[in-house]
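What follows is a single structure, written as structure tokens, with notes after it.
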Amino acid sequence: MVVGDVTTGTDVLVIGAGPAGYVAAIRAGQLDLDVTLVEKDAYGGTCLNDGCIPSKALITATDVAHEAGNAEEMGIHADPAVDLAGMMGWKDDVVDQLTGGVEKLCKANGVNLLEGTATLSDENTVRVSHSGEGQGSETLEFEHAIVATGSRPIEIPGFEYDDEPVIDSTQALALESVPDSMVIVGAGYIGMELAGVYAKLGTDVTVIEMLDSILPGYDDDLKRPVKQRANDLGIEFHFGYAASEWEQQGDGIRVVAEAPDEAAADGGQTEAVEDDPLELDAEKVLVAVGREPVSDTLELENAGVETDDRGFIQTDSQARSNVEHIFAVGDVAGEPMLAHKGSMEGQVAAEVIAGEPSAIDYQAMPAAVFTEPEIGTVGMSESEAEEAGFETVVGKFPFRASGRALTTGESDGFVKIVADDDQGYVLGAQIVGPEASELIAELGLAIELGATLEDVASTVHTHPTLSEAVMEAAENALGHAIHTLNR
Amino acid sequence: MVREFKLPDVGEGVAEGELVSWLVAEGDTVSEDQPVAEVETDKALVEVPSPVNGTVRELHWEEGEMVPVGDLFVTYDVEGEESEGPSTEEPTASEDERAGEPPGVDSPEEAQASADDEPAGDAGATGAETGEVEPPEDRVFAPPRVRRLAREEGIDLSTLEGSGPGGRITAADVEAAAGGSDTSSESAETETTPEESASDAGADSSSGTADTAASDTETAGAQTTQTTTPTQVESADRDRTLAAPATRKLAEEEGVDIDAVPTDEERDGEPYVTPEAVREYAEAQQRAQEADAEAVSAGEPVGAKGTEFAEGERERREPFKGVRKTIADAMVESKYSAPHVTHHDEVDVTELVEARERLKPRAEEQGIGLTYMPFIMKAVTAALKEYPEMNAVIDEDNEEIVYRDYYNVGIATATDVGLMVPVLEDADRKGLLQLSSEMNELVTKARERSISPGELRGSTFTITNVGGIGGEYATPILNYPESGILAVGEIKRKPRVVTDENGEESIEPRSVMTLSLSFDHRLIDGAVGAQFTNELMEYLENPELLLLE
């Protein structure tokens, strides 16, 4: 690429090299389009650098340490010493390997990589400013653009991430020492995953959540084993409280949380009823209250691309924005903010640009929460299916009835399958338990293919594996599970 | 601006209609109320008018497809109109809310919701402009590969019935739909004369491929159909075949003649057939049959006019649908729901004939052709008033008998496409001339297929005139759920025994008409049926009694 004022051109400009953007770029390259991928920071985006991958690395590493130290039942007596720098180093290696792989894949597929921050000048021109003093900028003309700028952690008033003791999820994945104590604001999936990590590292973790339970949006029966395990790990919860301020307190800080009237009113939890502010002393405060789209740095208005009032770019089923040749994929294009949803949208956008009859028409979007135990969901919950007008039938199989689950020492949770009572089509599934994030994939396939309960139940599953629980849940819905009582 | 027009309710409460033909093409300029399409509902062929002055941007359906009421039908470009105001003809609540807003939607929840509601019309102008196929609204059980194929072929999966297990839609279903829609568009275009349409509106496949082929280039399915020409299977024809008992059993199960299964294998110098050979042959046979069926439904080997057989053709298959199917369903429901009894009698209508002869010129002065039917209708309504159960229906759901104080008489009418029953409302309150002119109008409309579905509904009793064609008696089937139907035969001159004032009997030539009254024996006992007929005969024998009505 030419540096300076010379304008170059590209068929497809992809802004952002996260799992939505790099997938779009690679797919466009595969389809013989001339594609340029602009990234201001690191290939792989939030997912590879600050999200999915590093958090899973730390979750696994802390699990190994924790399990080894708590395996007396299995006759193992150990007190593993955790070298946090070593753990972080291993995590960074994993991240480096993956981001390097993304870069190689892009190049191998003919994607032009361009470092810098993109701002749109008009609907066919982008300006890319290179980072660093005097590095200048360049201008590109494009036929099509795919905006994949992702999202960033939401800041709450009074808790600026620049302040040393206040950290966001990104910083929480790169701490240099294990804090003695930590307040986590927000009991969503990020807060809950990191609460587990630090609790297992020995940090005293306290979680404040404005709503009345962990993991808002998930069914109660899925949350129960997760909450139980969190309690067992010594994580303390305060529901119905919102963090309002923090102050320096000796070596650490004191976080003040208040119960907003409405939260207290319908909080349900007894702790939230009293109006006294909560004062929590800790070494660090991790704010994990959600993520917001990065659509404000692009000057989208210069191209006429509109966003909603939360900053999401509205798209149609071909990932197109209101401007016909500008697409948006991934977190910036709206909920759910999931890497795999972004990747799928990225592929669709590239294929649509190449003239293929592609569309976002999935039947079911899977999601996983890497708490202990894990949660995996796909498709409709029972109540969603009923709202959609289906007569439902539900099958459930508890992991405590699974031989394999018992041999792993993890037998909390269950597999639940929701199907249409009439034809038996699988409509959705929820799993909480060991490897729920992996087990859910089979049911996603079942939903996409229009498989029925009988199809799943009649598919022979390997013994002894956790996947048998999926088969038995389907059998349970049909009234003939072998290893659990049928209703 | 772009105006999206959804198929309106073309009849009273019909759920869908078959698109018989487009009367305009994409790019045509249309004026308001100009017919743009012909749609066939249960019983009538309806012209769908344009709601606007403008240009046809996109026709969303292929001829021959079943179009659900309320589905996007035509997209118009309307000049001079700004983009405010409802974007569609039949706005739903959510559209109304969004209409005045910029394309951006307020919250992601709302965006999600509206995207779920209406994947087709959302996201500003882009969706409509690109004209790509959007995912269907209803949940469709089809795997991703099939969904993609449907997008390629431009098929809306929600309109297909799946042939896979449990109704799942397969790739073959999509391919068949892509091929099928192509051929029926050909047929509709060539449907010009009543003779041709007589065979069946949507489906009569016919000639004219040459001039329509060019217009069908966007339907990629056309090629698909043509490539699936019947698979030729070489059949053997032996007198003797060696095969294991299990193989013979298999052949029997598959419906295959073991002597016809081709084989190269021999045992002891005799041809030997393996189970694999039987299976292969059975499958090949089946494929050939399917291909034949597909070719037939695609209209390939069908004769030039649709009603003729091609040379060498011994059978032809046509889709069982449209008016024919509606008639069939109605007949089955009637015959299997109501136990029918038919009461026959003969009535001397000499005076009626004379009365009509006298009145006929008077009617003609007013431009009305007076037939016997209005007299019969008056006699029927008079008799119905005496025997209200004959004008009643059974409401099975509520287990009630519903008596009606209105007398809407259905007139069974033979048309080119089959039986129709236009309805004369409040026949008891109308004069002979009014009945006559209304009936003539309705019958003409039915025969021309311009009758509206509303004019085919709501009868309380039906009369069918079988006399026009000939015969003495017939056993009519109730126009269910009505309780009675009267078939009247031809008025013939017959010898009758006549008794004069002095009690002298003689044989005289008289005008005689036959009556066949079928009634629902659940509601009406045989005696009542006979008494009703007698009452009717009283009026028909002495038409001056009708003056008292």
Within the range A:330-340, which residues are within 11 Å of chain B (Cβ to nearest Cβ) and assigned to a loop (DSSP other than H, G, I, E, B)?
A:Gly334, A:Glu335, A:Pro336, A:Met337
Which of the residues belonging to the range A:35-62 are buried (at least 23 other Cβ atoms within 10 Å of the Cβ) and either closer than 22 Å to A:Thr125 by Cα or free of Cβ contacts under 8 Å to residues at least 24 places away in the same chain (or both)?
A:Val35, A:Thr36, A:Leu37, A:Val38, A:Glu39
Return a yes/no flag: does the range A:387-395 have any residue that is surrounded by 22 or more Cβ atoms within 10 Å (Cβ to Cβ) and either touching a residue at least 24 places away in the same chain (Cβ under 8 Å) or hydroxyl-bearing (Ser, Thr, Tyr) (or both).
yes
Is it the case that the range A:109-117 has a residue that's hydroxyl-bearing (Ser, Thr, Tyr) and touching a helix residue (DSSP H, G or I) at 6+ places or on another chain (Cβ under 9 Å)?
no
Kindly indicate whether A:Ile53 is β-branched (Val, Ile, Thr), farther than 27 Å from A:Lys107 by Cβ and either in contact with a Phe, Trp or Tyr (Cβ under 9 Å, 6 or more places away or on another chain) or outside the structural domain of A:Tyr198 (by TED's automatic domain parsing) (or both).
no
Selected residue [modelled with pLDDT under 80, under 34 Å from the mean Cα position of the chain (by Cα) and among the basic types (Lys, Arg)] from B:Arg287, B:Arg314
B:Arg287
Given the condition touching a Ser or Thr at 6+ places or on another chain (Cβ under 6 Å), facing another protein chain (nearest Cβ under 10 Å) and in a loop (DSSP other than H, G, I, E, B), answer yes or no: does some residue in the range A:298-307 qualify?
yes
Among the residues of the range B:319-326, is there at least one that is modelled with pLDDT under 90 and aliphatic (A, V, I, L, M)?
yes
Determine whether the range A:317-329 contains at least one residue that is hydroxyl-bearing (Ser, Thr, Tyr), within 14 Å of another protein chain (Cβ to nearest Cβ) and over 27 Å from A:Asp168 (Cβ atoms).
yes
Can you confirm whether A:Val378 is within 30 Å of A:Ile146 (Cβ to Cβ) and either at pLDDT 95 or above or crowded, with 24+ Cβ neighbours inside 10 Å (or both)?
yes
Out of B:Lys445, B:Lys494, sole residue that is closer than 20 Å to B:Val323 by Cβ and charged (D, E, K, R)
B:Lys445
Reported set for the range A:271-294 where residues are buried (at least 23 other Cβ atoms within 10 Å of the Cβ) and within 14 Å of chain B (Cβ to nearest Cβ) is A:Pro293
Can you find even one residue in the range A:122-136 that is surrounded by 18 or more Cβ atoms within 10 Å (Cβ to Cβ), touching a Gly at 6+ places or on another chain (Cβ under 7 Å) and modelled with pLDDT under 95?
yes
Which one is surrounded by the fewest Cβ atoms within 10 Å (Cβ to Cβ), of the residues in the range A:349-359 that are more than 11 Å from chain B (Cβ to nearest Cβ) and part of a helix (DSSP H, G or I)?
A:Ile353
Six or more apart or on different chains, Cβ under 9 Å: which pairs go from a residue in the range A:12-34 that's farther than 14 Å from A:Leu113 by Cα and free of Cβ contacts under 8 Å to residues at least 40 places away in the same chain to one that's among the aromatic types (Phe, Trp, Tyr) and part of a helix (DSSP H, G or I)? Could you list them?
none
Scanning for something of a type in the set (A, V, I, L, M) and in a loop (DSSP other than H, G, I, E, B), does the range A:49-64 turn up at least one residue?
no
Listing of strands (runs of 3 or more DSSP E) fully contained in the range B:443-549 that carry 3 or more residues being touching a residue at least 40 places away in the same chain (Cβ under 8 Å) and surrounded by fewer than 22 Cβ atoms within 10 Å (Cβ to Cβ):
B:505-520
Go through the range A:456-472 and report how many residues are closer than 18 Å to A:Gly403 by Cβ, within 28 Å of the chain's Cα centre (by Cα) and buried (at least 17 other Cβ atoms within 10 Å of the Cβ).
6
Do the conditions hold for A:Asp204, that is, is it at pLDDT below 95, farther than 17 Å from A:Val432 by Cα, outside the structural domain of A:Val64 (by TED's automatic domain parsing) and among the acidic types (Asp, Glu)?
no
Per-region count, the range B:35-67, residues within 21 Å of the chain's Cα centre (by Cα) and either of a type in the set (Lys, Arg) or buried (at least 18 other Cβ atoms within 10 Å of the Cβ) (or both)
18
Where residues in the range A:396-455 are within 14 Å of another protein chain (Cβ to nearest Cβ) and of a type in the set (Asp, Glu), which of them is surrounded by the fewest Cβ atoms within 10 Å (Cβ to Cβ)?
A:Asp422
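The values are calculated or read from the model by the stated rules, or taken from the named source; none is laboratory data. Only a predicted model underlies this, so the values are computations on that prediction, with no experimental measurement involved. Glycine also receives a Cβ, built like all others from the backbone with ideal geometry; neighbour counts cover every protein chain displayed.
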